[in-house]
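Read the structure below first, then the notes.
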Amino acid sequence: MALDGIILNKICQQLQSLQEGRINKIYQVSQTEVLFHIKTRVDKAQLLISCHSQFNRICISNHKYPTPEEPSHFIMLLRKHLENGIILSIEQGDLDRYITITIRVRNEIGDIVNRYLFVELMGKYANIILTDENKRILDALKRIPPYENTKRILQPGASYEYPENQNKKNPFPEKSYDINKSFTEQFAGISPLLGKEIEYRITQGESFTEVMALIAQSQSIYIHRNQDKEEYHCIPLTYLALPYREYKIMEAMDILFYQKRRKRPYPPTNR
């Protein structure tokens with residue numbers, strides 16, 4: 001299962017620890033993964049952004065990654081514009097699957113300006129886009145020229161356009177729902193998997209408000225394993241009736257993605 005908007009919201013909350021951090025080094029550790037070494041107010045951290053079609057994510061990782069000797073053009077550009085920059089904010093677009101990182105830097109003539117790093121985590125369309133202070137694209141990890149998509153161009157010189165807003169409701173303040181529509185259709189951030197769990201819990205006597213309160217309070221990821229397949233979310237997926245194990249959010253990202261991507265064994269399920 002790919003990240004949905006609610007899990008990305010949980011991750012984004014934890015990324016706030018990187019605010020006011022300084023970007024020291026930037027590496028492209030694979031064709032689709034970029035690693036930022038950041039000096040925060042209290043420690044050092046590694047921010048990993050993956051645009052892999054299946055394993056796309058953003059997380060703080062403690063793993064060691066290879067650092068190619070020859071950086072790509074995109075990495076050279078990121079280094080030019082972002083190294084020694086200060087992270088001002090990390091914000092999710094509503095409950096959608098993209099994040100905006102605002103970074104304060106000095107430009108070529110020494111003036112203080114902002115640069116924006118847009119991290120879009122939408123499956124095979126996952127991407128990293130760097131823009132100037134006017135939201136004009138400096139470059140993207142995956143360029144999309146006009147002949148591929150006339151509605152949304154992602155190449156140097158184009159104006160950055162946010163992903164299309166689906167005009168769904170935020171589920172957290174809502175107390176009612178339309179029984180004739182799925183939760184995924186009605187609410188932002190809810191994947192079909194989570195929608196099934198909410199529906200199941202309601203049939204077991206919980207209210208929609210109670211389930212959303214549990215989701216809002218959760219600081220964990222619950223991984224259910226059925227043979228070689230993993231399903232996960234920030235509350236136990238009780239409708240699966242499978243064993244699960246609870247992990248801290250960033251730890252779960254490494255277990256779900258780092259180990260799978262690099263063919264590492266999973267820790268055993270003990271519950």
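Here are some notes:
- Residues in the stretch 109-116 carry Karplus couplings, in order, of 9, x, 6, 7, 9, 9, 10, 10 Hz; the curve used is 6.51 cos²θ - 1.76 cosθ + 1.60 with θ = phi - 60°, and Gly or Pro positions show x.
- Simple spin-label estimate for K80 and S176 in nanometres, 7 Å along Cα-Cβ: 5.6 nm
- Value of [θ]222 nm, deg cm²/dmol, for the chain, DSSP H segments ≥ 4, -39500 (n - 2.57) each, nearest 500: -5500 deg cm²/dmol
- Degrees between helix 73-82 axis and first principal axis of the chain (Cα, 0 to 90, nearest 10): 90 degrees
- D228, D4 arranged by Cβ crowding within 10 Å, fewest neighbours leading: D228, D4
- Annotation for the stretch 67-130 versus the stretch 139-210: alpha-carbon center distance of 23 Å.
- Taking other Cβ atoms within 10 Å as a rough exposure proxy, Y177, Y160 sort from fewest to most as Y177, Y160.
- GNM flexibility winner over the chain from P243, P68, P163 (Cα, springs under 10 Å): P68
- Within straight-line cross-link reach of K181, lysines at Cα separation under 16 Å, skipping those fewer than 8 residues along the same chain: K168, K169, K196
- Among residues other than S17 with Cβ under 14 Å from its Cβ, the summed charge is +4 (Lys and Arg +1, Asp and Glu -1).
- Folded to 0 to 90 degrees: helix 5-15 orientation relative to the chain principal axis, Cα: 50 degrees
- Taking 24 Å as the limit for the C-alpha separation, the pairs K44/K229; K39/K64; K25/K229 exceed it in the case of K44/K229; K25/K229.
- Applied to the stretch 199-212, the Karplus parametrisation 6.51 cos²θ - 1.76 cosθ + 1.60 on θ = phi - 60° returns per-residue 3J(HN,Hα) values of 4, 5, 5, 5, 5, 8, x, 7, 8, 4, 4, 5, 5, 5 Hz, with x for Gly and Pro.
- Considering only R41, R97, R22, the mean-square fluctuation computed in a Gaussian network model of the chain, springs between alpha carbons under 10 angstrom, is largest for R41.
- Within straight-line cross-link reach of K175, aspartates and glutamates at Cα separation under 15 Å, skipping those fewer than 8 residues along the same chain: E199, E206, E210
- From phi via Karplus (6.51, -1.76, 1.60), per-residue ³J(HN,Hα) for the stretch 224-236 in Hz, x at Gly/Pro: 9, 10, 10, 6, 9, 10, 10, 10, 7, 6, 8, 10, x
- For peptides 147-154, 29-36, sequence by mean Cβ density within 10 Å, most packed first: 29-36, 147-154
- Along each principal axis, taking the top coordinate minus the bottom one, the Cα set of the stretch 5-140 gives 40, 34, 33 Å in descending order.
Computed from the coordinates by the stated procedures, all read-outs in this text should not be read as laboratory data. Note that this is a predicted model, so its numbers are computed, not measured. With ideal geometry, Cβ positions are generated from the backbone for all residues, glycine too; neighbour counts draw on all protein chains shown.
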